[in-house]
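The values are calculated or read from the model by the stated rules, or taken from the named source; none is laboratory data. Predicted model, so just to flag it, every value in this text is computed and none were measured. Every residue, glycine among them, receives a Cβ derived from its backbone with ideal geometry; neighbour counts consider all protein chains shown.
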Amino acid sequence: MLNDDVVEVGSGVYLVAGSSTNWVIVKDGDTATLVDTGYPRDRERLLASLTAVGVAPGALAAVLITHAHNDHMGAAEHLRRAHGTRVLMHRAELAHARREFLHQVSVGQVLANGWRPGVLPWAVHALRAGGTAHIPVVEPQPFPGEDVLDVPGHPVPVPTPGHTDGHCAYHLPDAGILITGDALVSGHPTSRRRGPQLLPRMFHRDRGRALDSLTALEELTAEVLLPGHGPAVHLNAVAAVAHARDLAAREDRSAGAP
Ligand SMILES: [Zn+2]
Ligand SMILES: [Zn+2]
């Protein structure tokens, strides 16, 4: 029995809405690939979503991480420790996941942006949900090869640096689905814009690089995009990226940037 937060967007592909971050379950029989895990305090919700689609946490083939922010990686170490689940990510994100450093919006940056609509309520939620908790993944693993991963859904990693240095999207070519993480979102509590877009400026490690990475997404064949924040996008990748670029250019103009 599915609950309202678990939406089947393709055959065996489920988009799950956590407290403010999405994760994706790609099922194959009684096993599955999990992409991202929500905030640390989303753990019960995450486990409930696996139950809802009939996958035991111990039966997960792997957890794929788009990037090592707490709202995406919050339960990864729990799954690794409790069930020995492999936690895979782009090589350039490994040290971040081990928390050898943290490239995440700081409390100071959030306060400096506190006048913007939605920022303070979002910050209160982020703190309560474990946004600043220190929960490294002790043994994150790089992808074993360069191309398609041998786990349910046969996802293909798509390096999309910028939001973080090792951010990675995942393409499901067979399903025509693209999991974009925070490289492309469709909404956020701190944004009044709708549709495909970049996250607000303060969230990116390198916004210029994040904009450049949209090129890697638009080359892929996909009819549905599953972002890290906001609802599923029922557009092809070219149209979604064009929309995001347009919004980014408008934001630059209103900020007086070149
Ligand atoms: Zn992020
Ligand atoms: Zn995020």
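For the range 167-196, enumerate the residues that are away from ligand 1 (no atom under 14 Å from the Cβ) and crowded, with 23+ Cβ neighbours inside 10 Å. Of everything in the range 167-196, those that are away from ligand 1 (no atom under 14 Å from the Cβ) and crowded, with 23+ Cβ neighbours inside 10 Å turn out to be 170, 171, 172, 177, 178, 186, 196. Does residue 244 satisfy the condition of being crowded, with 17+ Cβ neighbours inside 10 Å and part of a helix (DSSP H, G or I)? Here the answer is yes, as residue 244 does meet what is asked. Starting from the range 6-22, take each residue that is within 18 Å of residue 68 (Cβ to Cβ) and list its partners that are at pLDDT below 95, counting only C-beta distances under 7 angstrom and pairs at least six apart or across chains. From the range 6-22, the pairs are 20/125; 20/189. The set of residues in the range 82-111 being outside any loop (DSSP other than H, G, I, E, B) and either in contact with a helix residue (DSSP H, G or I) (Cβ under 6 Å, 6 or more places away or on another chain) or in contact (Cβ under 8 Å) with a residue 40 or more places away in the chain (or both) consists of 83, 87, 88, 89, 91, 92, 93, 94, 96, 97, 109, 110. Once the range 172-185 is narrowed to residues that are under 22 Å from residue 11 (Cβ atoms) and outside any strand (DSSP E or B), the residue that is farthest from ligand 2 (Cβ to nearest atom) is 174.
Among the residues of the range 233-246, what is the count of those that are more than 16 Å from ligand 2 (Cβ to nearest atom) and closer than 14 Å to residue 183 by Cα? Break it down into steps so the answer makes sense when it comes.
Step one: list which residues in the range 233-246 are more than 16 Å from ligand 2 (Cβ to nearest atom), which gives 234-243, 245-246.
Subsequent filtering for residues that are closer than 14 Å to residue 183 by Cα retains 237, 240-243, 245.
So the count comes out to 6.
Residue-wise test of (1) within 18 Å of the chain's Cα centre (by Cα); (2) among the hydroxyl-bearing types (Ser, Thr, Tyr); (3) surrounded by fewer than 17 Cβ atoms within 10 Å (Cβ to Cβ).
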site	(1), (2), (3)
4	no, no, yes
52	no, no, yes
77	yes, no, no
102	yes, no, yes
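Of all residues in the range 18-44, those satisfying the criterion of being buried (at least 18 other Cβ atoms within 10 Å of the Cβ) and assigned to a loop (DSSP other than H, G, I, E, B) are 18, 20, 21, 36, 37, 38, 39.
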